[in-house]
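For reference, the structure discussed in these notes is given below.
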Amino acid sequence: MGKEKGFIAITRKYLKISPPQLLVLIFAFFIVLGTCLLKLPFATEKSISWVDALFTTTSAMTVTGLTVVDTASTYTLFGEIVIMCLIQVGGLGIMSFAVLIYLMLGRKIGFKERLVMQQALNQTSLGGIISLVRNLFLFSFAIEACAMLLLSLRWVPEYGWAKGLYYSLFHSVSAFNNAGFGLWEDNLIGFVGDPVINLVISLLFITGGIGFTVLIDLKKTKRFRELSLHSKLMIVSTFVINLVSMIIIFLLEYNNPNTLGPLSGWEKFWATYFQAVSPRTAGFNTIDLSGLEDTTAFYMIFLMFIGAGSASTGGGIKLTTFIIIILAVITFIRGKNDIVIFRKTISDSYIVKALAITIISLLFIIIAIFTLSITENQPFIKIAFEVMSAFGTVGLTMGLTGDLTEIGKGIIIFIMFLGKLGPLTLVFSFARRQQEQKIRYPREDILTG
């Protein structure tokens, strides 16, 4: 009886921690654990600093892909497996922590918690939360297994069974979770014109970036008109933004001797396609990004800020957040009061939330860019590109990551952490029930614009 009371007391003590705080603590725990594992003598081929180990671990847990040391030549097989496990936990676990926290503590998921889960995971009903988590893992492992088999058809004949299968597994996990970690020093530049690698890798991170709720919706609903508004927006906007990005990058980089210029027609197509779909989430690249035109780099910064879909493995402010803001502006210009899309009206609360996430994100990004402009002796466009890549948990770089100072590494580590946990933490923070304000103050207009 005494033991039971003691257990209950400890449980209640931990239950006093709010879900956002608990998420941060669990995430930080895995980062500390991963850092210690990567500092083990048999995890690296050569000694690395604690800061470099922390940077790699944070990049893996936040499924970013930025690296201050080359993954393949620096880490042993054990170290690479640790990184792959961190990627899997970071990509899938962070979305399931909200549910797993309550289940592991033996706490029933009440109405308020289900509302939070419904909002965080974009569900249309309060039931089936545990089923949803199960589907997340089943979908993920099934997709990664299929991709591994397809990639092995390409890499097993070239590298042999053991290395070929391992490379296929590592890149399947990395791509699906939008991590961008590769086992080649030049990422995927060596496969710029390979249709199998381009298609499989890109489909993996597009699928992971579109969001599990959309995949589950597609599984349940066969007709487009019957899909949820979130799924419709994600499918249509993903197709449009990828198509527009292909056209823009092709036109801007066609004659660039450092990127598309020397490639054949077929290689130009695949390189354009891959670089168009990668910036919002993935972190893989098939051309040298340090040679991009400044206009192309700026456009990619814009794509990285938008990011992937809600309840996905990607980062950024989220594509639906960006769409809501654009629709709100169009609605205002047209002199209408309600945002209507696909014959559905979007609540004003989502507009406020979208603006809050965007403004808070921009503030942190501006501060990070300003600080790095002081600490790093690098071109402004490279600094802005690096910061936005870290915030969007993308992992693309114009060659700045390896040259970062210790202070610069610390700033990018924080931005990666913020980029992965920020939006989700904000959503869970909104779950605190606020007492309705009984006092009303008189309204007064102010001048804007």
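The values are calculated or read from the model by the stated rules, or taken from the named source; none is laboratory data. Quick caveat: nothing in here was measured; it's all calculated off a predicted structure. All Cβ positions, glycine included, derive from the backbone under ideal geometry; neighbour counts span all protein chains shown. All accessible areas refer to the heavy atoms of the entire protein, side chains included, with ligands and DNA or RNA removed. Shrake-Rupley method; radii C 1.70, N 1.55, O 1.52, S 1.80 Å.
For the pair THR375 and LEU243, how long in nm is the line joining their label points, each one 7 Å along Cα→Cβ?
Taking the two extended label points, one gets 4.3 nm.
Could you put LYS232, LYS39, LYS344 in order of accessible surface area, largest first, with the 1.4 Å probe and the full protein assembly present?
LYS344, LYS39, LYS232
Using the structure shown, select from LYS39/LYS409; LYS268/LYS409; LYS219/LYS344; LYS219/LYS336 the pairs with a Cα to Cα distance greater than 24 angstrom.
LYS268/LYS409; LYS219/LYS336
Determine, for each peptide in 284-294, 57-67, 181-191, the mean count of other beta carbons within 10 angstrom over its residues, then list the peptides with the highest first.
Highest to lowest by the protection proxy: 57-67, 284-294, 181-191.
Just to be sure I understand the model, the point goes 7 Å from the Cα along the line to the Cβ. What's the resulting VAL329 to ALA72 distance in nm?
Spacing of the two 7 Å Cα→Cβ label points: 4.2 nm.
Can you tell me the order of 205-216, 72-83 when each peptide is scored by its average per-residue count of other Cβ atoms within 10 angstrom, highest first? Mind showing how you got there, number by number?
On the way: 205-216: 24.2, 72-83: 17.6.
Packing order, densest peptide first, comes out as 205-216, 72-83.
Considering amide H positions built from the backbone, and no H for Pro or chain starts, which residues 5 or more places from ILE339, or on another chain, come under 5 Å of its amide H?
Amide H neighbours of ILE339: ILE346.
Residues with amide H under 5 Å of TYR75's amide H, sequence separation 5 or more or different chain, H placed in the peptide plane at 1.01 Å from N; which?
GLU45
Report the calculated FRET efficiency for LYS222 and LYS344 (r = Cβ-Cβ distance, R0 = 22 Å), to the nearest 0.05. Mind showing how you got there, number by number?
Values: r = 20 Å, r/R0 = 0.90.
Calculated transfer efficiency: 0.65.
Order 353-365, 218-230, 383-395 from most to least packed using the mean count of other Cβ atoms within 10 Å. Could the numbers behind the result be given before it?
Working: 353-365: 16.2, 218-230: 12.7, 383-395: 29.1.
Output ranking for 353-365, 218-230, 383-395: 383-395, 353-365, 218-230.
Net charge near ILE413: determine it from the other residues with C-beta under 14 Å of the C-beta of ILE413, scoring Lys and Arg +1 and Asp and Glu -1.
With Lys, Arg at +1 and Asp, Glu at -1, the neighbours total -1.
Using alpha-carbon pairs under 8 Å, 6+ residues apart, how would you state the relative contact order of segment 189-297 in percent?
It rounds to 36 percent for segment 189-297.
Can you give me the long-range amide H partners of GLY315? Hydrogens built in the peptide plane at 1.01 Å from N, cutoff under 5 Å, separation of 5 or more residues or another chain.
Here the answer is ALA308, since their amide H atoms fall under 5 Å of that of GLY315.
How large is ³J(HN,Hα), in whole Hz, for each residue of segment 172-180 in order, when computed from phi with the Karplus curve 6.51 cos²θ - 1.76 cosθ + 1.60 and θ = phi - 60°, using x for Gly and Pro?
With the stated coefficients, segment 172-180 comes to 5, 5, 5, 6, 4, 8, 6, 8, x Hz.
Step through the residues of segment 192-208 one at a time and calculate ³J(HN,Hα) from phi using the Karplus curve (6.51 cos²θ - 1.76 cosθ + 1.60, θ = phi - 60°), rounding each to whole Hz and writing x for Gly and Pro.
Once rounded to whole Hz, the list reads 4, x, 7, x, 5, 5, 4, 6, 5, 5, 5, 5, 5, 6, 5, 5, x.
Once phi is turned into θ = phi - 60°, what whole-Hz ³J(HN,Hα) does the Karplus curve with 6.51, -1.76 and 1.60 give for every residue of segment 404-414, x standing for Gly and Pro?
Taking θ as phi minus 60°, the curve returns 5, 6, 4, 5, x, 4, x, 5, 5, 4, 5 Hz for segment 404-414.
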